[in-house]
Amino acid sequence: MKEFALIFRLTDISDFQPSPEQMQERMNWLGSIAARNQLVDKGNTLLPVPGSAKTVKPDNVVTDGPYTEIKEFISGYIVIKAATIEEAVVIAKENPIFKIGGSIEVREVLKRD
């Protein structure tokens, strides 16, 4: 099995407060992945607080953000196990984030031996 990062993105989180029902939907989705022994890392919720992130660039340049450079906010991530990226996409499609206009980026986690 390979590992895949599912990166959750939202376009506007300024007023977003998930309802208990939305949180339960997400927990049910995570539980279903864990029940199939495909959850590697449940990650963290990364909902940013304004001014709470910095980007470090070459030559010791530090800027606010990355929110000034992207139009979407990364709201969290998890790492799952799947045989193929197509299987990881099927798992991602079951997430309730799409009901609130979010998206999920699926990336294979490359391991170095």
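Here are the numbers for this structure:
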quantity	calculated
Net charge over other residues, Cβ less than 14 angstrom from the Cβ of G31 (K, R count +1; D, E count -1)	+1
Listed peptides 79-91, 17-29 by packing density, highest first (mean Cβ within 10 Å)	79-91, 17-29
Ordering of 1-10, 30-39 by burial proxy (mean other Cβ atoms within 10 Å per residue, highest first)	1-10, 30-39
Karplus (6.51, -1.76, 1.60) ³J(HN,Hα), θ = phi - 60°, over the stretch 91-99, in Hz, Gly and Pro reported as x	4, 4, 4, 7, 6, x, 4, 5, 5
Distant-in-sequence amide H partners of G43 (H built 1.01 Å from N, under 5 Å)	V79
Nonlocal amide H pairs with G102, under 5 Å, H built at 1.01 Å	none
For V109, distant residues with modelled amide H under 5 Å away	E3, F4, A5
Where labels lie 7 Å past Cα in the beta-carbon direction, separation of M23 and V56 in nm	3.3 nm
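Values in this text are rule-based calculations from the coordinates and carry no lab data. Being a predicted model, the structure only gives us computed values, none of them experimental. Neighbour counts are summed over all protein chains in view; Cβ atoms, including those assigned to glycine, are modelled from backbone coordinates with ideal geometry.
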